[in-house]
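Below: one structure, written as structure tokens.
Taken together, the values in this text are just the output of simple stated rules run on the coordinates, not laboratory data. A quick note: this is a predicted structure, and the numbers were derived from the prediction, not measured. Please note: Cβ atoms are built from the backbone with ideal geometry, for glycine as well, and neighbour counts cover all protein chains shown.
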Amino acid sequence: EKGGYEHFMLKEIHEQPKAVRDTISPRIHENEIDLGEIGMTDEEIKNLRKISIVACGSAYHTGAAGKYVIEELTRIPVETDLASEFRYRNPIYQENSLVIIVSQSGETADSLAALRDAKAHGCKVLSIVNVVGSSIARESDAVLYTWAGPEISVATTKAYSCQLAVFYLLALKFAQIRSAITPDTFQTLLTALKQLPDQIEGLLSQKEKIQFFANHYLATEHIFFMGRGIDYAISMEGSLKLKEISYIHSEAYAAGELKHGTISLMEEGTLVVALATQDALYPKTVSNMIEVKTRGAFVMALSTKKHPDIEKYADYVLYIPETQNLFAGSLAIIPLQLFAYYVSLGRGLDVDKPRNLAKSVTVE
Ligand code: F6R
């Protein structure tokens with residue numbers, strides 16, 4: 001059942017190229033994106049004034065990345081909320097807005113409650129769900145399924161990657177309908193999107209290198225992740241993956257926030273995983289890398305070959321293939337999933353069933 005892999009998590013990490021391909025391919029026809037499933041007219045899409053993305057855990061992290069992508073391409077204001085916060089804060093629902101609920105299981109209690117609240121206020125709800133026929137799927141006005149297939153490991157990997165891909169499709173489609181991007185930009189981005197599954201496949205071949213690196217950090221107590229923009233959203237997921245299966249304390253920081261507190265935690269040898277995939281933010285992130293290194297941190301950086309000078313500022317560099325900046329998160333997360341996996345494995349922990357955690361959180 002594990003298809004020759006030692007754990008479901010490793011199997012599911014390897015299923016990501018296929019899962020992402022299965023999620024995007026049926027929706028791309030001859031250089032056009034077909035999202036008929038959302039049941040919205042072009043007029044409704046053009047009139048959208050606000051999008052609220054609501055989810056828990058890793059699904060919330062895809063929403064955090066989705067916000068950057070949707071806002072950048074469509075210029076529609078997006079707010080991303082944790083379901084457990086959204087449902088209790090008397091959220092402002094306005095006309096011509098869309099609530100997007102993201103959930104692998106489709107049964108998460110807080111996400112379902114947020115959905116019901118939005119519907120009770122007359123809001124249109126679109127969900128991004130993996131389990132067909134689940135409660136969230138049934139109660140939404142429309143569903144965009146992620147076609148990841150069953151996910152067994154408690155730590156999500158392939159469903160997360162598919163959720164990101166759905167956000168890209170949605171952002172591109174909305175941007176096209178609203179004429180927020182040129183036809184050329186649309187085609188360039190669509191071409192890059194279609195390349196992602198093969199690029200993810202290529203990254204999986206770096207796993208021995210990541211295992212080797214992970215094995216040096218099995219006894220460490222704290223690990224920090226940092227980045228800006230989309231890199232920050234991906235840092236949050238990298239940090240959550242690590243803490244849930246390795247039990248190592250870890251935090252993700254918006255790199256610009258370092259000086260406002262976290263830098264006091266840097267000591268000789270502290271591991272900082274720095275994401276620097278976003279070209280426009282690259283010099284800023286590099287300056288944060290220098291700051292932590294000056295305090296003795298060991299910096300492991302993730303970037304692209306476009307930035308070879310990163311080797312001067314980081315102690316160890318992992319490169320991801322070139323893609324459009326907006327999609328880089330889909331590649332950067334792969335080494336971070338593998339890192340969490342190998343740290344957990346090296347520590348002899350129950351990778352697929354970490355203590356105290358359930359695959360589906362059906363009580364609040
Ligand atoms: C982390 C993880 C959880 C879930 C969260 C939401 O690896 O799996 O953080 O992402 O419990 O679950 P779903 O997506 O089923 O609503």
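Non-local amide H neighbours of V317 (under 5 Å, H modeled in plane, Pro and chain starts lacking H): which ones?
The answer is A301.
To check my understanding: the extent here is largest minus smallest coordinate of the Cα atoms along each principal axis. What are those three numbers for region 225-364, in Å, largest first?
Its Cα atoms span 43, 34, 30 Å along the three principal axes.
In degrees between 0 and 90, to the nearest 10, how far off the longest principal axis of the chain does helix 109-120 point, with axes built from Cα atoms?
Rounded to the nearest ten degrees, it is 30.
What is the projected area of the convex hull of the Cα atoms of region 54-179, averaged over all directions, in nm²?
Orientation-averaged projected area of the Cα hull: 7.0 nm².
In deg cm²/dmol, rounded to 500, what helix-only [θ] at 222 nm does the chain give when every DSSP H run of at least 4 residues adds -39500 (n - 2.57) and the total is split over its residues? The partial results should precede the final answer.
Working: 14 runs with 164 residues, N = 364.
One gets -14000 deg cm²/dmol as the mean residue ellipticity at 222 nm.
Hey, fewest Cβ within 10 Å first, where do V363, V154, V343 land in order? Before the final figure, lay out each step's value.
Working: V363 7, V154 18, V343 28.
Result, fewest neighbours first: V363, V154, V343.
Output the peptides 272-279, 192-199 sorted from most to least packed, where packing is the average of other Cβ atoms within 10 Å over each peptide's residues. Could you put the intermediate results ahead of the total?
Working: 272-279: 26.0, 192-199: 18.2.
Most protected by this proxy first, the peptides run 272-279, 192-199.
Below 21 Å, Cα to Cα, which lysines can K50 reach? Residues fewer than 8 away in the same chain don't count.
Once the sequence-local lysines are set aside, what remains near K50 is K67, K119, K124, K173.
Listing R21, R89, R347 from the residue with the fewest other Cβ atoms within 10 Å to the one with the most, what is the order? Intermediate results must be reported in sequence, preceding the final value.
On the way: R21 19, R89 9, R347 16.
Listing R21, R89, R347 from fewest to most nearby Cβ atoms yields R89, R347, R21.
What shape does region 120-205 have by the C-alpha gyration tensor, where a ≥ b ≥ c are the square roots of the eigenvalues, rounded means a/c under 1.5, and otherwise prolate means a/b greater than b/c and oblate the rest? Please report the intermediate quantities before stating the final value.
Numbers: a/c = 3.36, a/b = 1.08, b/c = 3.09.
Judged from the Cα gyration tensor, region 120-205 comes out oblate (a/c at least 1.5, b/c at or above a/b).
Taking the Cα centre of region 48-194 as origin, work out the dipole magnitude from +1 charges on Lys and Arg Cβ and -1 charges on Asp and Glu Cβ, in debye rounded to 20. Numbers along the way, then the final one.
Numbers: 14 positive and 13 negative charges, 52 e Å.
Computed about the Cα centre, the dipole is about 260 debye.
Determine which lysines satisfy two conditions relative to K353: a Cα distance under 29 Å, and not lying fewer than 8 residues away in the same chain.
K2, K11, K18, K158, K207, K209, K241, K243
In square nanometres, what is one fourth of the surface area of the convex hull spanned by the alpha carbons of the chain? Walk me through the intermediate numbers first.
On the way: hull surface 69.4 nm².
Result: a mean projected hull area of 17.3 nm².
So, in nm, how far is label E251 from label K353 when the simple model puts each one 7 Å beyond its Cα toward the Cβ?
3.3 nm
For region 197-212, what does the Karplus curve 6.51 cos²θ - 1.76 cosθ + 1.60, with θ = phi - 60°, yield as ³J(HN,Hα) per residue in whole Hz, taken in order and with x for Gly and Pro?
x, 5, 5, 5, 3, x, 5, 4, 6, 8, 5, 5, 4, 5, 5, 4
Can you pull out the GluC sites (Glu not before Pro) in region 1-70 whose DSSP state is coil and whose Cβ has at most 13 other Cβ atoms within 10 Å? Walk me through the numbers before you get to the answer.
Numbers: sites: E1, E6, E12, E15, E30, E32, E37, E43, E44; in loops: E1, E6, E15, E30.
Loop-located and lightly packed - E1, E6, E30.
Taking H as built 1.01 Å from N, whose amide H comes closer than 5 Å to the amide H of L271, not counting residues under 5 places away?
The list, which skips near neighbours in sequence, is F224, F298.
Would you order H7, H121 from fewest to most other beta-carbon atoms within 10 Å of each residue's own beta-carbon? Provide the component values of the computation, followed by the final result.
Details: H7 20, H121 12.
Placing the least packed residue first, the sequence is H121, H7.
Can you grab the distance from the C-alpha centre of region 12-90 to the C-alpha centre of region 247-273, Å, no decimals?
Cα centroid to Cα centroid, the span is 30 Å.
Each residue of region 143-158 in order: what ³J(HN,Hα) in whole Hz does its phi give by Karplus 6.51 cos²θ - 1.76 cosθ + 1.60, θ = phi - 60°, with x for Gly and Pro?
Rounded to whole hertz, the list is 10, 10, 6, 8, 9, 7, x, x, 10, 9, 4, 4, 6, 6, 9, 6.
Got a sec to turn the phi values of region 9-17 into Karplus ³J(HN,Hα) couplings, 6.51 cos²θ - 1.76 cosθ + 1.60 with θ = phi - 60°, whole Hz, x for Gly and Pro?
4, 5, 4, 5, 4, 6, 7, 4, x
Starting from the amide H of D81, placed 1.01 Å from N in the peptide plane, find each other amide H under 5 Å away whose residue is 5 or more places distant or on another chain.
When sequence neighbours closer than 5 places are left aside, the close amide H contacts are I53, V54, A55.
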